[in-house]
Structures are given as C-alpha cells and as structure tokens.
Amino acid sequence: MTEANSTRVLSVFSSPLSSPKPLSCPAQLKENIEQFFTKFVDEGKATVRLKEPPVDICLSKANSSSLKSFLSALRLAHRGCDIEAPLSTFAPVKTSEFEKCKTKMVITSKKDYPLSRNFPPSLEHLQTSYCGLIRIDTRMLSLRNLRKLDLSHNHIKKLPATIGDLVHLQELNLNDNHLESFSVALCQSTLQTSLRSLDLSKNKIKALPVQFCQLRELTDLKLDDNELIRFPFKMGQLTNLRFLSAARNKLPFLPSEFKNLSLEYLDLFGNTFEQPKVLPVIMLQTPLSLLESSARAILYNRIPYGSPIIPLHLCQDLDTAKTCVCGRFCLNSFIQGTTTMNLHSVAHTVVLVDNMGGTEAPVISYFCSLTCYVNCCDMLK
C-alpha cells in the first residue's frame with residue numbers, strides 16, 4: 001500500500017500451526033490498537049486497526065477459538081500486559097499479498113522497471129518516467145482502476161487506441177516523448193467522459209484532429225513546445241477547460257470558436273502569429289449546392305446524425321462545418337476574414353504573447369453569406 005491511503009489494509013490468511021509458542025508483549029502494540037472488528041469472529045474473520053502505522057490487519061480463514069485467544073492476547077498487549085499464554089502461530093503474509101493492495105507505483109529509471117512481473121492490478125496511479133519506453137506497455141492497459149498515468153520523459157511515438165479502455169483515467173501525462181499525433185479513436189473513446197488533465201508538451205505534434213474537442217471534460221491542457229500550426233477549429237466546445245498552455249508552437253492564428261472559451265490561465269507565448277489580412281477570402285457559392293443546404297439545415301435544427309443513418313464521409317463533413325459569426329453554419333460556401341482579439345476576453349490570467357508586451361492575437365472568422373460579412377465588416381482589419 002502507499003501513502004495515498006489514509007488507512008491501509010493488510011489481508012492475512014491464517015491457520016493454526018501444530019506447535020504453539022508463547023507470545024511476549026511487543027512494544028509496538030502497547031496503546032497502539034485503535035479498534036477491533038469482531039462481528040464475524042465465529043467465522044474465523046476479524047480486523048484489527050492500528051494507530052501507527054495506520055493499517056487495518058484483516059484476519060481470515062482462522063480457527064475461531066484460536067482467533068479469539070489471539071484477539072484476547074492483543075487486547076492484553078494493547079494494555080501493556082505481558083502474555084504468557086500459548087497461542088497458535090499465524091502464517092506470515094506473503095509479499096504478493098501486499099503487492100495486490102498497492103494503489104500507487106512510481107518508477108523513474110530503467111533498472112527499476114518490472115520486466116518479469118505484472119503491475120499490481122489495484123493501481124490507481126502509475127508513473128514510469130525516464131524508462132526509455134518506445135511504446136506503451138500493454139500490461140498497463142489492463143489496469144482497470146487506473147486514474148493517473150504518467151509516461152513522461154520516454155521515447156513513445158504512437159498511442160494505442162486501447163488507452164481509451166481505461167474507463168477511470170482522469171490524468172494522462174505524455175510530456176517529453178516523440179508523439180506526432182493524437183488519434184481520432186482516442187478522442188471518441190471513454191476518455192470523453194473521464195479525462196480531466198492532458199499533458200502533450202515537448203512532442204512533435206503539428207495538428208490535433210477536430211474530434212479532439214469531444215474530450216469535453218478536459219480542464220487542463222498543456223501543448224507547449226510542439227510544432228502546432230493550428231488549433232482544432234471547434235476549440236470552443238471545450239467548455240470545461242480552465243488551464244491552456246500552448247507556448248512555443250507555430251500557430252499563425254486562432255480559430256473563431258476560441259472566443260467561446262472561459263479560461264483561468266492562458267499561455268500562447270512564442271507563437272508565430274501573423275498580422276490580420278486586409279482582404280477576405282471569398283468562397284461563396286450561388287446558388288447553394290444541395291449538400292451545403294442540407295448540411296446547414298441539419299446543423300441549424302440540431303437533427304441527430306451518424307454513420308448508420310448517412311455515409312461516414314457526410315458525417316465527417318458535418319463534424320467539420322464552420323460556425324458563422326451569426327451562429328449558423330457553413331460547409332464549403334463562406335467568406336473568411338481575420339480579426340484581432342484581446343486574450344483577456346477569454347482568460348483571467350494571460351501570459352504575454354510576445355516580448356513587446358502584447359496580449360492580442362489574430363482570429364479567423366467565417367461568414368455564411370455576404371449579408372453577414374457586410375453587417376460585421378467593421379470587425380475586420
């Protein structure tokens with residue numbers, strides 16, 4: 001067990017041996033027993049709770065009469081009395097029994113990495129840093145109780161989709177690896193409802209898929225020191241996000257939905273933000289295609305869709321639709337313009353964007369029609 005538990009539990013499977021031995025009062029027991037649990041003593045089960053260390057010693061599979069004698073001796077020992085009565089000796093607890101109860105394991109060197117034995121199945125927090133891993137050990141993916149997985153400072157190049165099977169995973173640290181992508185499969189896994197903190201700093205990621213924004217329980221996201229050339233343009237869907245750090249990347253601008261974020265901390269220092277373009281990019285179609293009209297109607301009226309209903313490529317088109325400043329949607333027919341946003345409008349604390357003391361960044365905006373563009377043209381530079 002680990003320091004993570006306020007009270008640890010040790011299970012002792014015991015049986016009386018043939019040669020009883022007298023027991024002297026150990027100093028460790030004097031005034032050190034907090035409570036006895038003896039409701040099932042007739043079934044050969046009992047629990048003794050110690051004060052220091054704070055552990056519960058669970059006894060089971062014992063002869064009931066011998067167990068009662070043993071508990072009586074413990075009470076005497078707790079009071080500081082010497083014990084002369086013979087007691088049956090209990091079988092020692094095996095190391096494997098302790099291993100089964102561990103909830104935290106920290107490994108920070110190759111020599112300590114377990115090669116010949118499995119990870120304890122009860123682990124909730126596992127850290128394996130500086131171990132030279134080039135891939136994620138499949139044994140980790142069977143740890144169903146895992147809540148925090150720290151694989152920082154390794155050489156991992158690719159993430160298996162089966163990480164999404166860790167249904168309780170809340171924190172994932174992949175800082176300082178060789179990752180080049182974060183797969184769509186992970187974005188559509190159970191991580192959607194469990195993952196709260198994700199650290200992808202110091203990797204080689206150039207872009208995140210639009211489906212990344214389906215990880216809507218994220219509160220902390222670190223993307224520093226990658227090669228990002230863009231954020232997912234649905235970034236505003238991360239409504240629970242409070243901490244965002246993406247310093248020292250290659251972002252030329254921010255997506256329009258970035259304005260929908262409500263952050264406590266934002267760091268975009270050292271990105272290659274471009275000056276807003278004077279002329280807009282016009283991609284309007286007249287009349288609208290059937291695909292464009294249908295897509296706009298489905299999205300505006302919030303009509304459910306999915307691959308069993310319509311072809312997968314149409315689902316992907318709908319997933320990547322752009323949001324107009326008026327709140328409607330557009331697929332392939334739009335006007336694209338650039339505006340400037342003060343980052344304090346989306347974050348309480350903002351790290352300066354550059355060494356000149358700026359807190360403004362260019363934002364791409366989309367307009368579903370010429371009317372929308374004209375009504376909002378004063379926003380554009």
For the pair THR349 and SER142, the simple spin-label estimate (label points 7 Å beyond Cα toward Cβ) gives in nm 4.3 nm
Based on the alpha-carbon gyration tensor of the chain, what equivalent-ellipsoid semi-axes (square roots of 5 times the eigenvalues) come out, in whole Å, largest first? 61, 22, 19
For the pairs LYS157/LYS234; LYS158/LYS202; LYS102/LYS202; LYS30/LYS102; LYS157/LYS322; LYS157/LYS259, flag any whose C-alpha to C-alpha distance is greater than 22 Å. LYS157/LYS234; LYS102/LYS202; LYS30/LYS102; LYS157/LYS322; LYS157/LYS259
Taking the reciprocal of mean 1/r across every pair of different Cα atoms in segment 281-379, the Kirkwood radius in Å is 15.5 Å
Taking θ as phi - 60°, what are the ³J(HN,Hα) couplings along segment 127-136 by the Karplus curve (6.51, -1.76, 1.60), each to the nearest whole Hz, with x for Gly and Pro? 10, 10, 10, 6, 9, x, 5, 9, 8, 7
Within straight cross-link reach of LYS204, meaning Cα distance under 16 Å, which aspartates and glutamates are found once same-chain residues fewer than 8 apart are removed? ASP176, GLU180, ASP224, ASP225, GLU227
Per residue Cα convex hull volume for segment 222-316, in cubic angstrom? 155 Å³
Collect residues whose amide H, placed 1.01 Å from N in the peptide plane, falls under 5 Å from the amide H of MET341; neighbours closer than 5 in sequence don't count. ALA361, VAL363
Compute the distribution of all C-alpha to C-alpha distances in segment 102-267, in bins of 10 Å from 0, and list the percent of pairs in each, rounded to whole numbers. 10, 40, 34, 13, 2, 0
Which of these, ALA207, ALA295, ALA347, has the largest mean-square fluctuation under a Gaussian network model of the chain (Cα springs below 10 Å)? ALA295
So the label point goes 7 Å from the Cα of LYS277 along Cα→C-beta, right? Which residues of segment 226-242 then have their backbone N under 19 Å from it? 229-234
Starting from the Cα of GLU217, step 7 Å along the direction of its Cβ; do the same at LYS51; then give the gap between the two resulting points in nm. 4.0 nm
Between VAL55 and residues 5 or more places away or on another chain, which pairs have amide H atoms under 5 Å apart, with H built 1.01 Å from N, and which residues are they? ARG8, LEU50
Share of antiparallel DSSP beta bridges in the chain, in percent to the nearest 5? 40 percent
To the nearest 10 degrees, how steep is helix 64-78 against the longest Cα principal axis of the chain, on a 0 to 90 scale? 90 degrees
Just want the ordering: GLU124, GLU31, GLU227, from fewest to most Cβ atoms lying within 10 Å of their own Cβ. GLU31, GLU227, GLU124
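No lab work stands behind these numbers, since they all come straight from the coordinates. Computed from a prediction, not measured in an experiment: that's the story for all the values here. Every residue, glycine among them, receives a Cβ derived from its backbone with ideal geometry; neighbour counts consider all protein chains shown.
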